[in-house]
Structures are given as C-alpha cells and as structure tokens.
Amino acid sequence: MRFITGCPLWAEPAWSGSLYTRGSDADERLAQYSRVFGAVEGNTTFYSLPSEARVARWAELLVDDFHFCAKLPREVSHAGRLDPAHPALKAFLERLAPLQQRLGPIWLQLPERFAPEDMGTLADFLDSLPGDYRYAVEVRHPGFFRKDDAERQLNRLLHQRSIERISFDSRALFASAATDPSTLEAKQRKPRLPVHAIALSERPSVRFIGGMEQAANWQALAPWLDKCVQWLQEGRQPMLFMHTPDNLLAPQLARDFHAALCERLPTLPPMPLWPGEQEAAETPQQGGLF
C-alpha cells in the first residue's frame, strides 16, 4: 500500500528550517525533498528543457522510486495540432531519459481549445508515443466535463491505453475570500472546472489547488480523503499534488492529508520526518548563563 504525494516544486528556499535543513543549496533541497515526498510536478519543462548536466545531477540525487512528473513542452501541447514528429518532443524525451524509471507519469496538459471533436488527433498522438514511459493527460475544455458521451469516450480512450486522466480541483481556491496578491494571481491563472474523481490506471492523479484558509481547504479535501482510501483499498497508488497560492503551505497541507489518511488506514506507512525539523530537534539548545 503506497500513497504518493508531492508539491508543484521543490526549489523553495522558504521551506528551509522546516522541510529542509538550514543553508541547504538547490541540490540538497532536491535530495531532501525526494526522501520525504514521492513525486513532484515538473512544470518547468513546459517552458524550457533543463541542461544535460542538470538532468544527470537530478538522476544522481533522486531516490529510485521517485516520480518526476515532467510536463511536455508547450511547443508540443499548445502551439497547434498535436504532432508526434515535433522536434521538441524528441528533444524532451532524449534530455530527460537519464532519469530512467523516475520519469513519469509524463504529463500532457491540453489547452482549453482542445475540444471533444479533437479526440481522434489525441488518440493518434498517444499511440505514437514511446511505450517505455507512463503518461497522464489533463483536459480543460468544458466539453469533457459533462458526463456525456464525449467524456465517456475520452475516458475509454485513455483507459484502453493505460493512461491516466488528471483530476483538477480548484474549489478551495475559488472559495477563498483572501485578497492577497498570490491568491488573486492564482485565481486568474488556474482553471475553474467541475471536479471529476477518476481512476483509469493503477495511479490515479489529482492536482489540488488550495487557498490560504485551511478550513476551506479541508472542506474540499474531505471527499478526496474518502476517495484515496477507496483507491488504496482497491490496490491502486493514488498521486495527490498539493498547491497553495504561494505554495509556502503546500508541504504542510500534504503532510496533514497524509496523516489523516494514516488514521483511516493504519497500515499505510507514515510520511518520513522532515530533514529541517529533524535537524532542529537534534541541535543542542544554548542554555542561559545560570
């Protein structure tokens, strides 16, 4: 039984002293992150590819059973028609190949304009992808969220290929009354779509977009707690990624959810200790003069 959780990034200096040890550099933060969390969203690959040296270093630092969920480049997913012969796709796969089993599921995030009538193009594209990797697809067109023939056709298309459909939940964000810049920016950038809890493979994937209010976050998370219990009891390994507007609270939200899940399923392994907190506990405290 394994529950896989993670955040949208790892290189957050503000997590030093809690998740990370104080003074840790980028490499140390990645290594420490991968010992606590089972996955991370590789959103940066949507915009540009990391250098060969950087990928080789990631491969050295990441534990063997980690999941680096890299997003396909926007030149492939957003520039026009899905093209399996696009040079950016080949460059992406070649550049990230050193991650080996740690790469994936690879995410294909489709733009809102990608509609149900484009499913034939999606099927051809997916069938052309190398079979060495796992994949997941995120759709954003409202036509895929009506519980009708179009949505059933999409789910069947993905299920037949053992490809997961990413569930996206931004209810807590849009329920937030906060007016801080991070929340307002997140509301402008994140989609607001119906929430469909879907499992088409052994690793159902959820992206949860929370707000600054923990009460609202937990109101939206409660159904996911029930769903993850169900998936785990079915023998699946759910993947849940936690976002908050500035992501400073994302690790704690993930830890709290994991702890609540362990209360429901006592045989589920607990989340490992955070290196920064462990360091603080082990550091002798300076006493007073007397």
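The values are calculated or read from the model by the stated rules, or taken from the named source; none is laboratory data. Computed from a prediction, not measured in an experiment: that's the story for all the values here. Note that we place each Cβ from the backbone using ideal geometry, even for glycine, and neighbour counts take in every protein chain shown. What goes into the accessible areas is simple: the full protein's heavy atoms, side chains included, and nothing from ligands, DNA or RNA. Shrake-Rupley method; radii C 1.70, N 1.55, O 1.52, S 1.80 Å.
Just need a number here: residues in segment 226-252 that are in contact with a Phe, Trp or Tyr (Cβ under 7 Å, 6 or more places away or on another chain), assigned to a helix (DSSP H, G or I) and under 28 Å from ILE163 (Cβ atoms).
Selection size over segment 226-252: 2.
Is it the case that segment 264-277 has a residue that's without any contact (Cβ under 8 Å) to a residue 12 or more places away in the chain and either part of a helix (DSSP H, G or I) or buried (at least 18 other Cβ atoms within 10 Å of the Cβ) (or both)?
no
Spot the failing condition for ALA123; the list is (1) more than 29 Å from GLN219 (Cα to Cα); (2) in contact with a Ser or Thr (Cβ under 8 Å, 6 or more places away or on another chain), and only one is missed.
(2)
Being among the hydroxyl-bearing types (Ser, Thr, Tyr), in a strand (DSSP E or B) and either more than 22 Å from LEU96 (Cβ to Cβ) or under 13 Å from the mean Cα position of the chain (by Cα) (or both), is that true of even one residue in segment 16-38?
Quick first cut of segment 16-38, residues among the hydroxyl-bearing types (Ser, Thr, Tyr) only: 16, 18, 20-21, 24, 33-34.
Then drop every residue that is not in a strand (DSSP E or B), which leaves 16, 20.
Subset that is either more than 22 Å from LEU96 (Cβ to Cβ) or under 13 Å from the mean Cα position of the chain (by Cα) (or both): 16, 20.
Yes, segment 16-38 has at least one match.
Among the residues of segment 67-78, is there at least one that is surrounded by 20 or more Cβ atoms within 10 Å (Cβ to Cβ), at pLDDT below 95 and either small (Gly, Ala, Ser) or more than 24 Å from VAL206 (Cβ to Cβ) (or both)?
Looking for residues that are surrounded by 20 or more Cβ atoms within 10 Å (Cβ to Cβ), at pLDDT below 95 and either small (Gly, Ala, Ser) or more than 24 Å from VAL206 (Cβ to Cβ) (or both), one finds at least one in segment 67-78, hence yes.
Looking at PRO50, PRO116, PRO111, which one is more than 30 Å from GLU151 (Cα to Cα) and more than 16 Å from the chain's Cα centre (by Cα)? Quick ask: steps written out before the conclusion?
On the way: PRO116 fails: more than 30 Å from GLU151 (Cα to Cα); PRO111 fails: more than 30 Å from GLU151 (Cα to Cα).
Sole residue among the options that is more than 30 Å from GLU151 (Cα to Cα) and more than 16 Å from the chain's Cα centre (by Cα): PRO50.
Only one of these conditions is not met by LEU249: (1) more than 18 Å from GLY210 (Cα to Cα); (2) at pLDDT below 95. Which number is it?
(1)
Just name the residue that is nearest to PRO238 (Cα to Cα) out of those in segment 130-168 that are assigned to a loop (DSSP other than H, G, I, E, B) and open to solvent by less than 20 Å² (accessible area, probe 1.4 Å). Spell out how you get there, then give the answer.
Going residue by residue through segment 130-168, those that are assigned to a loop (DSSP other than H, G, I, E, B) are 130-134, 139-141, 145-148, 161-163, 166.
Remaining after also requiring open to solvent by less than 20 Å² (accessible area, probe 1.4 Å): 139, 163, 166.
Numbers: VAL139: 19, ILE163: 14, ILE166: 11 Å.
Taking the candidates together, the pick is ILE166.
Spot the failing condition for PHE68; the list is (1) in a loop (DSSP other than H, G, I, E, B); (2) in contact with a Lys or Arg (Cβ under 8 Å, 6 or more places away or on another chain); (3) under 21 Å from SER48 (Cβ atoms), and only one is missed.
(1)
Looking at segment 1-15, which of its residues are part of a loop (DSSP other than H, G, I, E, B), out of contact with any Leu (no Cβ under 9 Å at 6 or more places or on another chain) and either closer than 17 Å to TRP274 by Cα or among the acidic types (Asp, Glu) (or both)?
Quick first cut of segment 1-15, residues part of a loop (DSSP other than H, G, I, E, B) only: 1-3, 8-12.
Narrowing the set further to residues that are out of contact with any Leu (no Cβ under 9 Å at 6 or more places or on another chain) leaves 8-9.
LEU9, the sole residue that qualifies.
Got a number for residues in segment 1-28 being open to solvent by less than 30 Å² (accessible area, probe 1.4 Å) and either closer than 29 Å to GLU75 by Cβ or modelled with pLDDT under 90 (or both)?
Residues flagged as open to solvent by less than 30 Å² (accessible area, probe 1.4 Å) and either closer than 29 Å to GLU75 by Cβ or modelled with pLDDT under 90 (or both) within segment 1-28 amount to 4.
Tell me which residues, restricted to segment 85-123, are on the phi > 0 side of the Ramachandran plot and crowded, with 19+ Cβ neighbours inside 10 Å.
If we filter segment 85-123 for residues that are on the phi > 0 side of the Ramachandran plot, which is where we start, we get 100, 104.
If the condition is that a residue be on the phi > 0 side of the Ramachandran plot and crowded, with 19+ Cβ neighbours inside 10 Å, then GLY104 is the only one that fits.
Return the total of residues in segment 198-235 being in contact with a strand residue (DSSP E or B) (Cβ under 6 Å, 6 or more places away or on another chain) and of a type in the set (A, V, I, L, M).
Going through segment 198-235 one residue at a time, the tally reaches 4.
Might you check whether a residue that is closer than 16 Å to VAL137 by Cα, at pLDDT below 95 and not in a helix (DSSP H, G or I) occurs anywhere in segment 173-189? Walk me through it before giving the result.
So in segment 173-189, the residues closer than 16 Å to VAL137 by Cα come out as none.
Checked segment 173-189: no residue is closer than 16 Å to VAL137 by Cα, at pLDDT below 95 and not in a helix (DSSP H, G or I).
Could you please give the count of residues in segment 214-245 that are open to solvent by 50 Å² or more (accessible area, probe 1.4 Å) and either β-branched (Val, Ile, Thr) or touching a residue at least 40 places away in the same chain (Cβ under 8 Å) (or both)?
So the count comes out to 2.
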